[in-house]
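Accompanying notes for the structure given below.
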Amino acid sequence: MENIIINGGKKLFGEIEVSGMKNAAVAVIFACLLVKGKCVIENLPNISDVDTSLKILSSCGANIRRLSSTVVEIDCRRAECGRSPYELVRKMRASYYLIGAELGRFHRAYVGCPGGCDFGIRPIDQHIKGFEALGAKVSVEGGYVEAVAENGVIGNQVYFDSVSVGATMNIMIAAVLAKGTTMIENAAREPHIVDLANFLNTCGADITGAGTDVIKIKGVESLHGCTYAIIPDMIEAGTYMIAAAATKGRLKINNVIPKHLESISAKLEEMGVYVEELDDAIIVSGEDRTFNRVNIKTLPYPGFPTDMNPQMCVLLCLAEGTSYLTEGVWDSRFRYVEELNRMGATIKVDGKTAVVEGGAPLTAAPVRAVDLRAGAAMIIAGLTAKGKTVIDDIYHIKRGYDGIVEKLRDVGAEITEVITPDPAAFDQAN
Ligand code: EPU
């Protein structure tokens, strides 16, 4: 059993590097299936979701060479349809991009239903609606999604009923090699959507409008290989911004695009945290500060990111007064609240809103990472709490944070990852 153990109460000081963005990397990896040539993908984060994506692609017949810890060469020329192992696909949500990629390349797809963090119901109806608009017949049976476009993939207008990051990227992937033009309306606008479009355009695609709510994809005959670097991970950056503030330390967070962090910076400033934007870095300090209560609602980009909900909740626990944190994207994203309450937080969940009574310090406790971002929140909480916090189920954290233990240790945290026999972890730590 693996745990993260934190001896909290230390302020973080120094510089910390942000890795490539998970949610861009996984889409770009699966999009390589469309390319007739070698793609060299740089600035890949060293995380298990990237490893799983590469393993899935490899099982489809792709030739994959690791050139360094952050650079991979992917050659999908000999890949085949329908060979992805169910056990791998169900490990993560992003495997749904394989459906779009197989459909785009082979005009048919056969992929196990995707897994991922548990936020309640996670439908893929908008993905299916889009594939159908492009001429595919889609069925879900026996845990598999099957899509068949007998007359090929044909460009069309796709209007999403709700804003979906995954559906936007999946339809973009499926439509790149289509006959004719596809217009995605009510598209999501996240930076990773722009990154995927930039990657595909570098390979010869014709995509315009990514980053707005209307994306136009003119189908092209084929895509060629390229070298492409993934953008920095705004959620990893945001996590370290909150860690700096919550520990009342000061961090210079390098390799970021400050524009992507604006909603997070704005909320931190409203709370009284010091934030300074540089060209490709951001300085955050919580030194000698008390934090104001605020209200937050998570929304699609450029709103406050849902993937920062749990981490922000930790800071709200330390703010003076009562804050209201409303989840505007997922049905259920508050499973972590029970864990924070174990650490002395006073949070009540009322429907989609967490009511956070702030002002009291958190106390160390054994807690679980109930999902990826919840795990990051437990780390931040543990960093602020005096004494030893033991975090269980850290495989969630490893899905999305590249070297988080080492990075935090380098800026002053007392944090280690240990392998211990199950129930002894907390006893040993004390
Ligand atoms: N939705 C539908 N139908 C669909 C698709 C989505 O109703 O066909 C709903 C969802 O239930 C949800 C909302 O639309 O209520 C938004 O879902 P979206 O499709 O945007 O999410 P996703 O693509 O499945 C990605 C990230 C998540 C992140 C969300 C929102 C990846 C691999 N995952 O998920 O990231 O929370 O966008 O920004 O890109 C994480 O990194 O920790 C993470 C969970």
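Values in this text are rule-based calculations from the coordinates and carry no lab data. What you see is a predicted model, and the numbers here were worked out from it, not measured in a lab. In this analysis, Cβ positions are derived from the backbone assuming ideal geometry, glycine residues included, and neighbour counts consider all displayed protein chains.
Starting with the fewest neighbours, write out D213, D371 ranked by other beta-carbon atoms found within 10 Å of each beta-carbon.
D213, D371
Need one word for region 164-203: rounded, prolate or oblate. Basis is the Cα gyration tensor (sqrt eigenvalues a ≥ b ≥ c); a/c below 1.5 gives rounded, then a/b vs b/c decides.
Note, shape of region 164-203 comes out oblate.
Select from region 23-115 those trypsin sites (Lys or Arg not before Pro) which occupy a DSSP coil region and have at most 12 other Cβ atoms within 10 Å, ordered by residue number. Let's see the in-between values first.
Numbers: sites: K36, K38, K55, R65, R66, R77, R78, R83, R90, K91, R93, R105, R108; in loops: K36, R77, R78, R83, R90, K91.
The qualifying sites are R77, R78.
Report, in degrees rounded to the nearest 10, the 0 to 90 angle that the Cα long axis of helix 191-202 makes with the longest principal axis of the chain.
30
Please report the net charge: other residues with Cβ closer than 12 Å to the Cβ of G358, K and R +1, D and E -1.
With Lys, Arg at +1 and Asp, Glu at -1, the net is -1.
Considering only DSSP beta bridges whose two residues both sit in the chain, what percent are antiparallel, to the nearest 5? Don't skip to the end; give the middle numbers.
Values: 56 of 79 bridges.
Taking every DSSP beta bridge within the chain, about 70 percent pair in antiparallel fashion.
Can you bin region 116-189 into rounded, prolate or oblate? Criterion: square roots of the alpha carbon gyration tensor eigenvalues sorted a ≥ b ≥ c, rounded for a/c under 1.5, prolate for a/b above b/c, oblate for the rest. Spell out each step's value before the answer.
Working: a/c = 2.33, a/b = 1.22, b/c = 1.90.
Oblate shape, in that a/c is at least 1.5 and b/c is the bigger or equal ratio.
In this model, which of K386/K407; K91/K398; K248/K352 are farther than 18 Å apart at the alpha-carbon? Each step should come with its number before you reach the end.
Values: K386/K407 20 Å; K91/K398 13 Å; K248/K352 29 Å.
Too far apart for the 18 Å limit: K386/K407; K248/K352.
Would you mind ranking V256, V418 so that the residue whose beta carbon has the fewest other beta carbons within 10 Å leads the list? All intermediate terms of the calculation are to be shown ahead of the outcome.
Working: V256 25, V418 14.
So the residues, fewest neighbours to most, are V418, V256.
For the chain, what does the helix formula give at 222 nm: sum of -39500 (n - 2.57) over DSSP H segments with n ≥ 4, over the residue count, nearest 500 deg cm²/dmol? Could the numbers behind the result be given before it?
Numbers: 15 runs with 137 residues, N = 430.
Here the helix-only value at 222 nm equals -9000 deg cm²/dmol.
Limiting things to C-alpha atoms, what are the Rg and the maximum Cα-Cα separation (Dmax) for the chain, in angstroms?
Both quantities, over Cα of the chain: 21.6, 65 Å.
Using only Cα atoms, find the angle between the long axis of helix 372-384 and the longest principal axis of the chain, and express it within 0 to 90 degrees, rounded to the nearest 10.
Computed tilt is about 20 degrees.
How large is the dipole of the chain about the Cα centre if only Lys and Arg carry +1 and Asp and Glu carry -1, each at its Cβ, rounded to the nearest 20 debye? Could the numbers behind the result be given before it?
Numbers: 44 positive and 53 negative charges, 100 e Å.
With Lys and Arg at +1 and Asp and Glu at -1, about 480 debye.
Among the lysines, which fall within straight-line cross-link reach of K388, defined as a Cα-Cα distance under 18 Å, with same-chain neighbours fewer than 8 residues apart omitted?
Correct list for K388: K10, K11.
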